[in-house]
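Read the figures in this text as sums done on the coordinates, not as results from a lab. Everything numeric in this text was worked out from a predicted model, so none of it was measured. Please note: Cβ atoms are built from the backbone with ideal geometry, for glycine as well, and neighbour counts cover all protein chains shown.
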Amino acid sequence: MQGMVSKLQTIGMLIALVSAIGGGFYTWGTFNQRLDVIEDKEFVVNQEVDLTEVYKAIEELRGDIKINGAALDYLEARLNEFKTEQSNPLLN
């Protein structure tokens with residue numbers, strides 16, 4: 001009885017090993033098939049794209065950034081004024 005269990009375990013391990021190796025080959029084949037599809041696909045390298053709308057949007061954003069930068073500078077100056085007013089020891 002003990003020998004039969006040992007043989008069944010050995011056969012089970014052998015089946016698991018063969019299945020694992022087969023799964024690895026299957027995955028390798030799928031990967032190679034995907035690479036073949038990508039390699040066979042033709043890409044357009046010299047395609048002309050109209051970017052004038054993008055450039056206009058960038059220029060508008062640059063203007064907004066300058067306005068926001070000026071507002072931040074103003075607020076920082078006001079904050080520094082408040083700090084100097086609050087640090088005056090004669091006000092206490």
Average silhouette area of the range 1-44, convex hull of alpha-carbon atoms, in square nanometres: 2.6
Trypsin sites (Lys or Arg not before Pro) within the range 1-66: DSSP coil, no more than 16 neighbouring Cβ in 10 Å: K41
Please return the longest range in the chain lying between exposed loop sites, taking GluC sites (Glu not before Pro), DSSP loop only, at most 16 other beta-carbon atoms within 10 Å, and leaving the sites out. 49-92
A correct Kirkwood calculation over the Cα atoms of the chain returns a hydrodynamic radius in Å of 22.3
For K83, give me every one of the lysines with a C-alpha distance below 17 angstrom, ignoring sequence neighbours fewer than eight places off in its own chain. none
For the range 3-8, Karplus couplings with θ = phi - 60° (6.51, -1.76, 1.60), whole Hz, Gly/Pro x: x, 5, 5, 4, 5, 5
Under 22 Å from K7, Cα to Cα: lysines that are on another chain or at least 8 residues apart: none
Can you compute the modelled spin-label distance between A57 and A70, with each label point 7 Å from Cα toward Cβ, in nm? 2.5
So what are the ³J(HN,Hα) numbers for the range 48-59, from phi and the Karplus equation (6.51, -1.76, 1.60; θ = phi - 60°), rounded to whole Hz, Gly and Pro as x? 8, 10, 8, 10, 5, 5, 5, 5, 4, 5, 5, 5
Please turn the phi angles of the range 24-30 into ³J(HN,Hα) values with the Karplus equation 6.51 cos²θ - 1.76 cosθ + 1.60 (θ = phi - 60°), one per residue in order, whole Hz, x for glycine and proline. x, 5, 4, 5, 4, x, 5
Going Cα to Cα from K56, which lysines come in below 22 Å? Please leave out same-chain ones fewer than 8 positions away. K66
